[in-house]
Amino acid sequence: MNDKISKTKQEWQTELSPEQYRVCREKGTERAFTGQYWDNKSKGQYRCACCGEPLFSSDTKFDSGTGWPSFWAPIAPEHVATETDKSLLMARTEVVCSKCDAHLGHVFDDGPNPTGLRYCINSVSLKFDQDK
Ligand code: FE
């Protein structure tokens, strides 16, 4: 059911904005407090900016004070995957879209109840669908 999406570098570059490409396909990070959604309090669903997969719901969004949209759980566990990221001195857990492997952000274990997790996600990796 979970069909993988695989596109060439060139295809992604054509479809995405330069900032989306840098963050999602080259594992970049948007600057804190600059993204579209860190302060978004509307009800709705956050989809993958690359493939449209539903990733997070406003129901699990919380104000982390970090300047990035933060969630304590994905919409469904199988919609995201994690990988160990050793690009900084401290190993972090990278979060990617399970369908297209887009880099979304990182997950930390200092989040609120009920999971204690904090999915720290780049706005530019997401596309918000407001509830009608
Ligand atoms: Fe995706």
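Numerical summary
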{"item": "Vicinal HN-Hα couplings computed from phi for region 102-113 (Karplus, 6.51 cos²θ - 1.76 cosθ + 1.60; Hz; Gly/Pro x)", "result": "4, 6, 10, x, 9, 10, 10, 9, 10, x, x, 5"}
{"item": "Within a Gaussian network of the chain (alpha carbon springs, distance under 10 Å), most fluctuating of F62, F71, F108", "result": "F108"}
{"item": "Counted charge near P18, where neighbours are those whose Cβ lies closer than 11 Å (Asp, Glu -1; Lys, Arg +1)", "result": "0"}
{"item": "Protein accessible area in the chain, 1.4 Å probe - carbon and sulfur %", "result": "49"}
{"item": "GluC sites (Glu not before Pro) within region 1-102, DSSP loop, no more than 16 other Cβ atoms inside 10 Å", "result": "E26"}
{"item": "Among R92, R22, R118, residue whose mean-square fluctuation peaks in a GNM of the chain (springs only between Cα atoms under 10 Å)", "result": "R92"}
{"item": "Relative contact order [Cα under 8 Å, 6+ residues apart], region 9-130, whole percent", "result": "29"}
{"item": "Overall dimensions of the chain as given by Cα atoms, namely Rg and Dmax in Å", "result": "13.8, 44"}
{"item": "Restraint check, K9/K99; K27/K127; K4/K43; K41/K127; K27/K132, Cα-Cα greater than 22 Å", "result": "K4/K43; K27/K132"}
{"item": "Cβ-defined net charge surrounding K127, 12 Å radius [Lys, Arg +1; Asp, Glu -1]", "result": "-1"}
{"item": "Region 9-130 - accessible surface per residue (Å², probe 1.4 Å)", "result": "52"}
{"item": "Net charge, I75 excluded, C-beta distance under 14 Å - Lys, Arg +1, Asp, Glu -1", "result": "0"}
{"item": "Region 42-57 - phi-based ³J(HN,Hα) in whole Hz, Karplus 6.51/-1.76/1.60, Gly and Pro as x", "result": "6, 7, x, 10, 9, 9, 5, 5, 8, 10, x, 4, x, 10, 9, 10"}
{"item": "Long-range HN-HN contacts of D85 with modeled amide H, under 5 Å", "result": "R92, T93, E94"}
{"item": "Stretch gain in nm, segment S17-F62, where the contour uses 0.36 nm per residue and the Cα spacing is subtracted", "result": "13.5 nm"}
{"item": "Amide H partners (placed H, <5 Å) of G44, local residues excluded", "result": "S58, D59, D131"}
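The values are calculated or read from the model by the stated rules, or taken from the named source; none is laboratory data. Bear in mind that the values here come from a model prediction, so they are computed numbers and not experimental data. Neighbour counts run over all protein chains shown; Cβ positions are idealised from the backbone, glycine included. Surface areas here come from the heavy atoms of the whole protein model, side chains and all, with no ligands, DNA or RNA. Shrake-Rupley method; radii C 1.70, N 1.55, O 1.52, S 1.80 Å.
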